[in-house]
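All of the numbers you see were taken from the coordinates with simple rules; none came from a lab. Source: prediction; values computed, not measured. Positions of Cβ are generated from backbone atoms using ideal geometry, with glycine treated the same way; all protein chains shown enter the neighbour counts.
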Amino acid sequence: METHTARRLLTMGLICLCAALLSGCVGTGNWRGKVEVELPAFGHRNWIVIADSAYPKQSADGIETIVTRAGQLEVLAYVLKQIEKTPHVQANILLDAELDSVSEEDAPGVSAYRAQLNELLEGRRVERVVHENIIARLDKGAEMFNTLLLKTNMTVPYTSVFLELECGYWDAQKEKRLREAFGRMESK
């Protein structure tokens, strides 16, 4: 009887260990490795979000959340560097418009964060959009396309950075010229 109980306890222990390991791999796995694996598969209309710690885990099937346990600027710098090394995509960078109005009194450290963020994003095209409008765009995109959400340890509100990927070798001007030429061909 003691052998049966010991086996049962060992089995339950192994099940708990496996569950703990799996939850760790899914929720807090190697976020750098995840970026390196996903980025080659991502293309235009995919998103990468570098989120603050209060950002909710979204329920849409196409949104995968990874808890990085890292600083937001560290994660953002890494992701931007990886995107720069990937010729098939580039990022439209969206920031919450509300961030510019968050006061130091209400969120200590926000001024230093804004300065560091501006330095990191210097020379890049950045769009500031009301938070709810970004979320609506993200939700609409997630209906058909995958999103990688990297949750950081940031504790300042409205600091999430949204990277809406687009084609790295084709832009809106080229698409417009193509559509104009295609329209001329269709009308003949």
Practice problem: Name all residues of segment 33-55 having a backbone nitrogen under 14 Å from the label point set 7 Å from the Cα of Met144 along its Cα→Cβ direction, giving them as ranges. | Solution: 43-47
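Say R0 is 25 Å: what FRET efficiency, to the nearest 0.05, do Arg128 and Ala54 get from their beta-carbon distance?
Working: r = 20 Å, r/R0 = 0.79.
For Arg128 and Ala54, the calculated efficiency is 0.80.
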Quiz prompt | Hits among lysines - C-alpha to C-alpha of Lys85 under 28 Å, sequence gap 8 or more where chains match | solution = Lys34, Lys140, Lys151, Lys174, Lys176
Practice problem: Set the Förster radius R0 to 22 Å, insert the Cβ-Cβ distance between Gln173 and Glu84 as r into 1/(1 + (r/R0)^6), and round the FRET efficiency to 0.05. | Solution: 0.55
